[in-house]
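The values are calculated or read from the model by the stated rules, or taken from the named source; none is laboratory data. This structure is a prediction, so every number in the text was calculated from the model and none was measured. Positions of Cβ are generated from backbone atoms using ideal geometry, with glycine treated the same way; all protein chains shown enter the neighbour counts. The area values use the complete protein model at the heavy-atom level, side chains included, leaving out ligands, DNA and RNA. Shrake-Rupley method; radii C 1.70, N 1.55, O 1.52, S 1.80 Å.
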Amino acid sequence: MILIREMTLDDVDAVAEVRVRGWQTAYAGLMPQPYLDSMSVTEDARQRRAFLERGTGTMANWVAERGGEVVGWACFGLHQEPEGPPRGGELYAMYVMPEQRSTGIGRALMETVVAEGRRRGLPWVKLWVLKENAPGRRFYERAGFRPDGHEESSDIDGTPVPEVRYELSLTTATP
């Protein structure tokens, strides 16, 4: 059984573990390996704790628990428009422990994100995914997301890492 609940400060260390292990697994071969190897659960937890203690405003964080253990995490908020106020939502991050992939945890977190977007009356949710992350792209496409034509590239230790933006209409979609 999967339990989705709001993240608390007590979850910070577990979420940092989910995020770092998620990056190291999902992005192997897509980002420089030294960068992935240098990721620190301790440092990630420190930064996440400071962020949560400051308050997240309109941001929502959820954890997925299975057997009392945090095995997934999602972070959602308003999509930041270059000019003007936000008009929709954005899934900032979603990770699942590597050994828990394809067990329904990602789907349960996504259902929570979509429900929150609808509860807020938002017309759509956007997200960024690495262009070469075929499993991630398939997951989002199965959930109803489609590329919206926007692409960007981040620089990770001198290596360009291209990303594609996806969008899900909340007025017509049911993941």
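For the chain, carbon and sulfur atoms together expose 48% of the accessible surface, with a 1.4 angstrom probe and every protein chain in place. Rounded to whole numbers, the Karplus 3J(HN,Hα) couplings from phi for region 61-77 are 10, 10, 10, 10, 10, 9, x, x, 10, 6, 10, x, 7, 9, 10, 9, x Hz, using 6.51 cos²θ - 1.76 cosθ + 1.60 with θ = phi - 60°, and x at Gly and Pro. Over the chain, accessible surface divided per residue gives 53 Å², non-protein components excluded, 1.4 Å probe. Projecting the Cα atoms of P34, Y92, V20 onto the charge dipole of region 1-113, computed from C-beta unit charges around the Cα centre, puts Y92 farthest toward the positive end.
Mean-square fluctuations from a GNM of the chain, with a 10 angstrom spring cutoff on Cα atoms, peak among G57, G89, G72 at G57. Its alpha carbons considered, the chain gives a radius of gyration followed by a Dmax of 15.7, 44 Å. Once the Cα-Cα distance is subtracted from the 0.36 nm per residue extended length, the I156 to E53 segment shows a gain of 34.3 nm. Rounded, prolate or oblate for region 8-91? Axes are the square roots of the Cα gyration tensor eigenvalues, ordered a ≥ b ≥ c, and the cut-off for rounded is a/c under 1.5. Here region 8-91 falls in the oblate category.
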